[in-house]
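Below is one structure; the comments refer to it alone.
The values are calculated or read from the model by the stated rules, or taken from the named source; none is laboratory data. Since the structure is predicted, the reported quantities are computational estimates derived from the model, not experimental observations. Here the Cβ positions follow ideal geometry from the backbone for every residue, glycine too, while neighbour counts run over all protein chains shown.
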Amino acid sequence: MIGKISRDFFEENIINRIGAVRKEVVMPPKNGVDVGIVKIGNKFMAVTTDPLYIDTSFGFEKAAWFALHILLSDLYTSGIPAEYMSIDLNLPLKITDNEFKEIWDVINSECIKYNIEVVTGHTARYANTEFPMVGGVTLMGIGDQYITTQNAGVGDKIIMTKSCGLEASIILANTFPEYVRKNIGKEYFNSIIDKFYSMTCVNEEQLAIKYGIVNKVTSMHDATEGGLLNSIYEIGSASENGLIVDYDKIIIDSDIEKLCSLFHIDPLRSISEGTLLITVKNECADEFISILNKSGIHAAIIGEILEQSHGIKIKKAGNTELILPEKDQFWDAVGDGIKRGLK
């Protein structure tokens, strides 16, 4: 299987073998939760780790920005801003000093922007390493309170931002630009390319933190591996609740829909960094939608958290059906494109 391991593999091989159990770890690894939480005195430390993903089709500057924002988007779902970074760079032999400088200049400037200090790390060139996976990053932050997908509660409204299929469409357009431009047209192609810097959830997460976590915003989850529907499933599963989403209210940009159709993938089942799912107390939902929209972030209420007995479902064309976890369709599209020699 390409991409993240399956839920079953995680639960069978990892979740029950995570070393010593420590009482201060209040949020250990769990499917559908983006962070770990450690209680330190009266404070809580949020921690997240991901590969350093440098996709050279973006160019080194954009690739470094995106690599860091994948991490930032995860950590901010806790309601705790990032403060500290540990970074491991296992670079390919072919990377030049100037290319490394491009990457590091962006990481440094973004860390200054978000008030993050690099506290430790490792940097080296090694044989048999290759882009895009060239290391790993851990981000940490400390706060007075936190949220995870476990905190979504019955009656909460589910808000999504931007569009599903966002990351998949942008990566495919950058990886196979000639094919995409030829088959969907220059206007649609340029529209997708121009969405690059929307592949972050930090702006809306900062608004959520300012608006109020716990009592107003109850959880946040970015729609990455498996896309929007997998992330919806993870919210229901992690919080041990049911939920219902309305297909007609899900945001799908027309250009993204067109590109996903070209590669025969479902935008609801394809990786979508930059798309944030937010559960909000019912009485706060309309107000928070207004805050997001006034800040230039397209958002919509797409569903509601229900009692667990209702199951995790989507309403479409007057019918409801269960949402089940499925593998991300993006990876097969990339593999098929490479196999076909698309440019």
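When restricted to residues that are aliphatic (A, V, I, L, M) and under 17 Å from Thr275 (Cβ atoms), region 35-74 contains 3. Would you please name the residue that is surrounded by the most Cβ atoms within 10 Å (Cβ to Cβ), looking only at residues in region 106-116 that are touching a residue at least 24 places away in the same chain (Cβ under 8 Å) and in a helix (DSSP H, G or I)? It comes out as Ile107.
Which condition number in (1) touching a Ser or Thr at 6+ places or on another chain (Cβ under 6 Å); (2) of a type in the set (S, T, N, Q); (3) within 30 Å of Pro177 (Cα to Cα) is the one that Asn98 fails? With (1) touching a Ser or Thr at 6+ places or on another chain (Cβ under 6 Å); (2) of a type in the set (S, T, N, Q); (3) within 30 Å of Pro177 (Cα to Cα) applied to Asn98, the lone miss is (1).
Of the residues that sit in region 121-141 and are assigned to a loop (DSSP other than H, G, I, E, B) and touching a residue at least 12 places away in the same chain (Cβ under 8 Å), which one is surrounded by the fewest Cβ atoms within 10 Å (Cβ to Cβ)? So the residue we want is Ala127. In region 309-341, the qualifying residues are those that are touching a Leu at 6+ places or on another chain (Cβ under 9 Å) and not in a helix (DSSP H, G or I), and the one that is nearest to Ser270 (Cα to Cα) is Glu326. Scanning region 183-216 for residues that are in a helix (DSSP H, G or I) and either surrounded by fewer than 14 Cβ atoms within 10 Å (Cβ to Cβ) or more than 22 Å from the chain's Cα centre (by Cα) (or both) yields a total of 9.
Lys23 meets each of the listed conditions (1) of a type outside the set (A, V, I, L, M, F, W, C); (2) surrounded by fewer than 16 Cβ atoms within 10 Å (Cβ to Cβ); (3) touching a helix residue (DSSP H, G or I) at 6+ places or on another chain (Cβ under 9 Å) apart from (3). Consider Val118 carefully, then state whether it is of a type outside the set (Ser, Thr, Tyr) and over 30 Å from His298 (Cβ atoms). The answer is yes for Val118.
So for region 258-272 (the condition being at pLDDT 95 or above, touching a strand residue (DSSP E or B) at 6+ places or on another chain (Cβ under 7 Å) and assigned by TED's automatic domain parsing to the domain that holds Gly311), does at least one residue qualify? Looking through region 258-272, none of the residues is at pLDDT 95 or above, touching a strand residue (DSSP E or B) at 6+ places or on another chain (Cβ under 7 Å) and assigned by TED's automatic domain parsing to the domain that holds Gly311.
Restricting Asp97, Asp88 to residues that are closer than 19 Å to Leu68 by Cα, of a type in the set (D, E, K, R) and in the same structural domain as Leu72 (by TED's automatic domain parsing) narrows the list to Asp88. In region 150-188, the qualifying residues are those that are of a type in the set (Phe, Trp, Tyr) and at pLDDT 95 or above, and the one that is nearest to Ser219 (Cα to Cα) is Phe176. Candidates in region 32-43 are the residues that are buried (at least 16 other Cβ atoms within 10 Å of the Cβ) and not hydrophobic (A, V, I, L, M, F, W, C); of these, the one that is nearest to Asn241 (Cα to Cα) is Gly32. In region 199-231, which residues are farther than 17 Å from Ile250 by Cβ and small (Gly, Ala, Ser)? Once the filter is applied, which keeps residues that are farther than 17 Å from Ile250 by Cβ and small (Gly, Ala, Ser), region 199-231 yields Ala208, Gly212, Ser219. Just one of the listed residues (Leu89, Leu68, Leu72) is among the aliphatic types (A, V, I, L, M), buried (at least 17 other Cβ atoms within 10 Å of the Cβ) and more than 20 Å from the chain's Cα centre (by Cα), namely Leu89.
Could you list, in sequence order, all residues of region 49-59 that are surrounded by 22 or more Cβ atoms within 10 Å (Cβ to Cβ) and not in a strand (DSSP E or B)? Of everything in region 49-59, just one residue is surrounded by 22 or more Cβ atoms within 10 Å (Cβ to Cβ) and not in a strand (DSSP E or B), namely Ile54. Right, Met160: touching an Asp or Glu at 6+ places or on another chain (Cβ under 9 Å) and in a strand (DSSP E or B) or not? So Met160 does not fit the description; no.
Comparison of Lys327, Lys315 shows that the only residue that is of a type in the set (Lys, Arg), surrounded by 16 or more Cβ atoms within 10 Å (Cβ to Cβ) and in contact with a helix residue (DSSP H, G or I) (Cβ under 9 Å, 6 or more places away or on another chain) is Lys327.
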